Amino acid sequence: ADHRDRVGTVHEAGMDDVAVALGIAAAAARGWAETAVEVRASCLERAADLLEEEMAALIGLAIREAGKSIPNAVAEVREAVDFCRYYAAQIRAEFKNDSHRALGPVVCIAPWNFPLAIFVGEVGAALAVGNPVLAKPAEQTPLIAAHAVRLFHRAGVPRDVLQLLPGQGGKVGLIWLDRNQQA
């Protein structure tokens, strides 16, 4: 990546943002957990379709923000699509809301080296089984994560069920740990 190339700007989350997001996710937990498996699976499939439709923009972000090569950026998007389709198929085949209980709000913290694929994989898996997600992208690659979250929302995932909390790992990640240990 060329660090002189300004790809975008980010408003980083702080302690108050984490507290608000956690409250929103907790309030949404039961409703999302009780959402029909078919509805959640369909959201993931629509997200996969949108990822494919937005492939050029996602490849551009992976190259400019994460410094990916073109082949690696293409693979990154393809893997994100595969995760969405895989989890949709898995929950349709094996998951039932009455016998499988969601955990409640979960935090997904993604690494910088797979800013889309692992991010979407973590988020998609948690959403598939009925958990609201607080998504904390790598501090180096928040823009591609933000794009993915917008696509999940367009695919039908409610905004209170999937929230993006960009920021420094030493701040946002630690805020979450501190709050979680106090509970």
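The values are calculated or read from the model by the stated rules, or taken from the named source; none is laboratory data. Just so we're clear, the structure is a prediction, and the values are computed from it rather than from any experiment. Note that we place each Cβ from the backbone using ideal geometry, even for glycine, and neighbour counts take in every protein chain shown. When the accessible area is computed, the model is the full protein with side chains, heavy atoms only, and any ligands, DNA or RNA have been set aside. Shrake-Rupley method; radii C 1.70, N 1.55, O 1.52, S 1.80 Å.
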> How many of the residues making up the stretch 54-108 are out of contact with any helix residue (DSSP H, G or I) (no Cβ under 9 Å at 6 or more places or on another chain) and under 30 Å from ALA33 (Cβ atoms)?
Replying inline: 4
> open to solvent by 20 Å² or more (accessible area, probe 1.4 Å) and either within 14 Å of the chain's Cα centre (by Cα) or within 18 Å of VAL133 (Cα to Cα) (or both) - does that describe any residue in the stretch 82-91?
Replying inline: yes
>> Being open to solvent by 30 Å² or more (accessible area, probe 1.4 Å), free of Cβ contacts under 8 Å to residues at least 60 places away in the same chain, part of a helix (DSSP H, G or I) and not hydroxyl-bearing (Ser, Thr, Tyr) is the requirement here; does ARG64 meet it?
In response: no
>> Among the listed residues ALA36, ALA27, identify the single one that is open to solvent by 10 Å² or more (accessible area, probe 1.4 Å), farther than 19 Å from VAL106 by Cβ and of a type in the set (A, V, I, L, M, F, W, C).
In response: ALA36
> If we keep just the residues of the stretch 67-81 that are more than 13 Å from VAL120 (Cβ to Cβ) and buried (at least 19 other Cβ atoms within 10 Å of the Cβ), which is nearest to the chain's Cα centre (by Cα)?
Replying inline: ALA73
> Across the stretch 9-24, which residue is surrounded by the most Cβ atoms within 10 Å (Cβ to Cβ) among those that are touching a helix residue (DSSP H, G or I) at 6+ places or on another chain (Cβ under 6 Å) and not in a helix (DSSP H, G or I)?
Replying inline: ALA13
> Does ALA41 satisfy being aliphatic (A, V, I, L, M), open to solvent by less than 60 Å² (accessible area, probe 1.4 Å) and farther than 23 Å from GLY156 by Cβ?
Replying inline: no
> For residues in the stretch 100-116 being open to solvent by less than 40 Å² (accessible area, probe 1.4 Å) and assigned to a strand (DSSP E or B), which is farthest from GLU139 (Cα to Cα)?
Replying inline: VAL106
>> I'd like the residue in the stretch 117-157 that is among the β-branched types (Val, Ile, Thr) and outside any loop (DSSP other than H, G, I, E, B) and, out of all such residues, is most open to solvent (accessible area, probe 1.4 Å).
In response: ILE118
